[in-house]
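Each remark here refers to the structure printed beneath this line.
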Amino acid sequence: MTLAPPPPLASTARYDQAGLTRAGLSELRREDPELADLLDAEVRDQDTMLAMIASASIAAPSVLAAGGSALSNVTAEGYPGARYHPGAANFDEVERLAVDRAKLLFGARYANVQPHSCSSANLAVLSALIPPGGTLLGLGLDAGGHLTHGSPASVTGRHYRAVPYGLDENGRIDYGQVAELAAEHRPAVLIAGASAYPRALDFARFREIADAVGAYLLADISHIAGLVAAGEHASPIDHAHVTTTSTYKQLGGPRGGLILSGRDHRAPGPDGRTPLDRLMQRAVFPQNQGTPAPAAIAAKARAFALAAEPRFAETARLTVAGARALAAELSALGHRVLTGGTDNHMVLIDLRGTGLTGVVAERALEECGILVNRNRIPDDTRPPLVTSGLRLGCNILAQRGMGPEHMRECAELMHAVLAATTALGDNDYRVDPHERIRLREQVRALCVRHPLPHAGVADADDARVAARTGAPS
Ligand SMILES: *Cc1c(COP(=O)(O)O)cnc(C)c1O
């Protein structure tokens, strides 16, 4: 069913998206201060906390605005030019724009911008390429793989026979083992990709292994999509049959997913004739999803345009250089950095030997304004909610303009928090109260010196509005 257009605002029958957004924000403030306060508190926290979350980036205000636009009111199953509802003319153009920009950004020949998340994208791709009960080969969850790569906790581990590959003694992907397991189990799909792996992935090697056993190669670049787009990590697009990613982790986009294909986009699917691009279109809709999220797709289109700009590539360079420096600084302070360093945006810390669990370290750091997340490490004996490790990422630090020369300060702040923390068990701890206040203030001061990229935009816009209306700013 198609929704009726929103009623005109009381004061005027003609308005645009900007008017609607402004009206929405003042309505929220006036009629629902409880919710408005929470939204404002989040903006403040993001401004004054040092987020080293490897799976996050800051979306530009224009991305957020597109994602909250009235395009959201359009209901239209199907694809541009082939919808099952009327009223999708603007959305058709928006989706075409998003597809074209995604293809341009990644040098792909096919893109599907409708997946609601990378998990949905993976489910769609796997369901198109693996028969029920068929075999997939992916990096094990404990080795840094993702739930959707065949974990028993995911449908991918229940509906398919999932074989996990792992790491060698240096913590690197054991390609010899991948080849052996592929030869032994003959998977329909081999997945190359990780959620907690600080080293570069050798997509060409993965493809050789897949070809040797007639498997499709799925590259999941959810974590490193920004580095790939910027040329800071080798691209899988022409090595893999299909590539998937999230759009929010490193692309500064909205919550959402994306499916891409390069050289092999017309290669035959498992039936020997239907080309992969046709299979992917059907796999997303109608097989795995219903209506797309039009405003999210508009936000993706905006994010892909921003990711093609030189400034994005500059941030990606800073991200990688920063992570390398952060790993070195933490090592110098005596922390155990998994694999001894990093090639991407991510640094993994082994906390065994510090007396702190992952959850205790995460919470103590959060109290002092530093956000990192607990993470299982190889051979971790602690449960997933506790863990023995931390995962750090430099995406948002780089967006704040912080590179290698700022990492000593970040590492020292982290180190000082952990040094001021006493474990009172696996889940309980105490941070020295004086240190907590002092360090929280230092973190805040650091954030003020390195504001988020768009912090000044809001002020400038307020000033412009004030100048127009004569209101004090
Ligand atoms: C985060 C992640 C996903 C899932 O992404 P969502 O968009 O949150 O569903 C899939 N694969 C990998 C490798 C990830 O790290």
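The values are calculated or read from the model by the stated rules, or taken from the named source; none is laboratory data. Since the structure is predicted, the reported quantities are computational estimates derived from the model, not experimental observations. Glycine gets a Cβ as well: all are built from the backbone with ideal geometry, and neighbour counts include every protein chain shown. To get the accessible areas, we keep the full protein, side chains included, count just its heavy atoms, and leave off ligands, DNA and RNA. Shrake-Rupley method; radii C 1.70, N 1.55, O 1.52, S 1.80 Å.
Of the residues A108, A41, Q17, the one whose Cα sits farthest toward the positive end of the charge dipole of segment 1-113, with +1 on the Cβ of Lys and Arg and -1 on the Cβ of Asp and Glu, is A108. Share of carbon and sulfur in the accessible area of the chain stands at 53%, probe radius 1.4 Å. Within the shell of other residues whose beta carbon sits under 11 angstrom from the beta carbon of G256, the net charge comes to +3, with Lys and Arg scored +1 and Asp and Glu -1.
Can you check what the net charge comes to around R324, using other residues whose Cβ is under 15 Å from the Cβ of R324 (Lys, Arg +1; Asp, Glu -1)? So the environment of R324 carries a net charge of -1.
Under a point-charge model restricted to the Cβ atoms of Lys and Arg (+1) and Asp and Glu (-1), what is the dipole moment magnitude of the chain relative to its Cα centre, in debye to the nearest 20? Provide the component values of the computation, followed by the final result.
Working: 46 positive and 51 negative charges, 164 e Å.
I would put it at about 780 debye.
Please state the shape class of segment 234-307: rounded when a/c is under 1.5, otherwise prolate if a/b exceeds b/c and oblate if not, all from the C-alpha gyration tensor. Oblate is the answer for segment 234-307, as a/c is 1.5 or above yet b/c matches or exceeds a/b. The phi torsions of segment 285-296, fed into the Karplus equation with coefficients 6.51, -1.76 and 1.60 and a -60° offset, translate into couplings of 10, x, 6, 10, 9, x, 5, x, 9, x, 5, 5 Hz, rounded to whole numbers, with Gly and Pro shown as x. The residue among F304, H335, A316 whose Cα reaches farthest toward the positive pole of the charge dipole of segment 299-348, with charges on the beta-carbon of Lys, Arg, Asp and Glu, is F304.
Write down, largest first, the equivalent ellipsoid semi-axes of segment 310-449 in whole Å, where each equals the square root of 5 times an eigenvalue of the alpha-carbon gyration tensor.
Numbers: eigenvalues 118, 70, 27 Å².
Whole-Å semi-axes of the equivalent ellipsoid: 24, 19, 12.
Nearest 0.05, what FRET efficiency do R158 and V448 give at R0 = 45 Å with Cβ-Cβ as r? Result of the calculation: an efficiency of 0.40.
Working note: Karplus 6.51/-1.76/1.60 with θ = phi - 60° gives segment 59-69 the couplings 7, 5, x, 5, 5, 4, 5, 4, x, x, 7 Hz, where Gly and Pro are set to x.
Rank by packing, highest mean first: peptides 267-273, 427-433, with packing defined as the count of other Cβ atoms within 10 Å averaged across residues. The partial results should precede the final answer.
Details: 267-273: 11.7, 427-433: 14.3.
So the peptides 267-273, 427-433, ranked by packing, come out 427-433, 267-273.
Here's the picture: charge each Lys and Arg Cβ at +1 and each Asp and Glu Cβ at -1 in segment 71-307, and of Y165, V155, L181 the one pushed furthest to the positive end of that dipole is V155. I need the fraction of alpha carbon pairs in the chain separated by more than 43 Å, rounded to a whole percent. Counting every Cα pair in the chain, those more than 43 Å apart make up 18 percent. A simple charge model with +1 on the Cβ of Lys and Arg, -1 on the Cβ of Asp and Glu and nothing else charged puts the dipole of segment 71-307 at about 580 debye relative to its Cα centre.
Over all directions, the projected convex hull of the C-alpha atoms in segment 269-369 averages 11.8 nm² in area. Remark: relative contact order (the chain) = 19 percent; criterion is Cα-Cα distance under 8 angstrom and separation of 6 or more residues.
Calculate the FRET efficiency for R29 and Q287 from the Cβ-Cβ distance with a Förster distance of 51 Å, rounded to the nearest 0.05. Write down the numbers at each step before the final one.
Details: r = 42 Å, r/R0 = 0.83.
Efficiency, from the Cβ-Cβ distance: 0.75.
For the pair L333 and Y84, the difference between a 0.36 nm per residue extended length and the Cα-Cα distance amounts to 83.7 nm. Please report the net charge: other residues with Cβ closer than 13 Å to the Cβ of L439, K and R +1, D and E -1. With Lys, Arg at +1 and Asp, Glu at -1, the net is -3. When you restrict to C-alpha pairs under 8 Å that are six or more residues apart and normalise by the size of segment 310-449, the relative contact order lands at 28 percent.
Distances between every pair of Cα atoms in segment 374-432, grouped in 10 Å steps from 0 to the bin holding the largest one, split as 18, 38, 34, 10 percent.
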